[in-house]
Amino acid sequence: FLRRPSNWQYCPIVPTYKRRTAMTLARTLSLREGNQELYVHQSIASNLPIDSIYNIAATEKLTSPNTYAWSLNMDPLWSITYTSPAGDTLRLTTTTDSLYLDRSKCGQVDFHPSFGRLMSAPRIGNGNNVEIIMDVMSIEILAQDGLSVMTATYFTEAPFDQMTIEGLQHGEMAHVQP
């Protein structure tokens with residue numbers, strides 16, 4: 001399964017000229033039962049070409065605008081904030097029933113009224129694991145064992161150079177080969 005992380009309302013007017021959108025990483029879809037309902041489970045379809053992997057702390061410096069992959073085990077309520085030297089901020093937060101992505105202070109957001117709005121997804125299940133894959137202009141989030149999923153694009157003024165995590169139990173970060 002592949003999808004585009006862009007909304008067709010603003011896809012033709014995003015502030016990039018060489019490409020208007022991108023494709024997500026290939027995913028495998030399956031059905032999982034919980035609370036007497038069926039849910040779509042998503043996972044990354046193949047192994048990413050990993051360059052290096054190491055354990056992380058609650059605050060991490062991001063050394064270059066590469067593609068990163070994080071595998072995190074989190075407290076039930078958690079947040080992650082990415083910041084850049086230009087003041088760009090991308091923030092993921094949770095409540096007991098939702099996952100939120102705020103890109104309203106993340107570079108160029110004024111090209112369409114809906115682009116800078118708070119994004120949300122329901123939290124399904126009790127899992128505390130989060131997988132995040134991020135490059136210079138997109139983020140993919142698979143939480144609650146792939147039952148709560150979000151994908152978004154962003155247009156920062158400068159690449160993110162810091163990541164701050166609240167609610168981290170254990171995590172690993174990997175540099176993904178281009």
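The values are calculated or read from the model by the stated rules, or taken from the named source; none is laboratory data. Just so it is clear, the model here is predicted, and its values are computed rather than measured. A quick note on method: Cβ atoms are made from the backbone with ideal geometry, for glycine too, and the neighbour counts reach across all protein chains shown. With ligands, DNA and RNA removed, areas are computed over all heavy atoms of the protein, side chains included. Shrake-Rupley method; radii C 1.70, N 1.55, O 1.52, S 1.80 Å.
Taking the range 74-97 only, how many residues are in a strand (DSSP E or B) and in contact (Cβ under 8 Å) with a residue 24 or more places away in the chain?
Keep residues of the range 74-97 that are in a strand (DSSP E or B), which gives 74-83, 89-94.
Filter once more, so that each one left must be in contact (Cβ under 8 Å) with a residue 24 or more places away in the chain: 74-83, 90, 92, 94.
Residues meeting the conditions: 13.
Of all the residues that make up the range 59-86, how many are at pLDDT 75 or above and either among the β-branched types (Val, Ile, Thr) or closer than 22 Å to SER148 by Cβ (or both)? It would help to see each step written out before you state the result.
Pass one, the range 59-86, residues at pLDDT 75 or above: 59-62, 67-86.
Subsequent filtering for residues that are either among the β-branched types (Val, Ile, Thr) or closer than 22 Å to SER148 by Cβ (or both) retains 59, 67-83.
So the answer is 18.
Filter the range 148-178 for residues that are farther than 17 Å from TYR100 by Cα and outside any strand (DSSP E or B) and give the result.
Answer for the range 148-178, where residues must be farther than 17 Å from TYR100 by Cα and outside any strand (DSSP E or B): THR156, GLU157, ALA158, PRO159, PHE160, ASP161, GLN177, PRO178.
Being assigned to a loop (DSSP other than H, G, I, E, B), open to solvent by 40 Å² or more (accessible area, probe 1.4 Å), over 22 Å from ILE44 (Cα atoms) and of a type in the set (A, V, I, L, M, F, W, C), is that true of even one residue in the range 125-143? Lay out the reasoning, then the answer.
Taking the range 125-143 and keeping what is assigned to a loop (DSSP other than H, G, I, E, B), we get 125-128, 135-137.
With open to solvent by 40 Å² or more (accessible area, probe 1.4 Å) added as a condition, the list becomes 125-126, 128, 135-136.
Those still in the list that are over 22 Å from ILE44 (Cα atoms) too: none.
Checked the range 125-143: no residue is assigned to a loop (DSSP other than H, G, I, E, B), open to solvent by 40 Å² or more (accessible area, probe 1.4 Å), over 22 Å from ILE44 (Cα atoms) and of a type in the set (A, V, I, L, M, F, W, C).
Check the range 103-117 and report whether any residue there is within 15 Å of LEU77 (Cα to Cα) and either outside any strand (DSSP E or B) or in contact with a strand residue (DSSP E or B) (Cβ under 9 Å, 6 or more places away or on another chain) (or both). If you could, list the steps in order and put the result at the bottom.
First, pick out the residues of the range 103-117 that are within 15 Å of LEU77 (Cα to Cα): none.
No - not one qualifying residue is present in the range 103-117.
On the basis of being at pLDDT 90 or above and surrounded by fewer than 21 Cβ atoms within 10 Å (Cβ to Cβ), does THR89 make the cut? Quick ask: steps written out before the conclusion?
On the way: at pLDDT 90 or above: yes; surrounded by fewer than 21 Cβ atoms within 10 Å (Cβ to Cβ): yes.
So THR89 passes the test.
Select from the range 92-119 the residues that are buried (at least 17 other Cβ atoms within 10 Å of the Cβ) and charged (D, E, K, R) and list them in ascending order.
Across the range 92-119, the qualifying residues are ASP102, ARG103.
Give the residues of the range 25-47 that are in a loop (DSSP other than H, G, I, E, B) and either at pLDDT 80 or above or acidic (Asp, Glu) (or both), sorted by residue number. Can you show your working first?
Residues of the range 25-47 that are in a loop (DSSP other than H, G, I, E, B), as a first pass: 25-26, 35-36, 45-47.
GLN36, the sole residue that qualifies.
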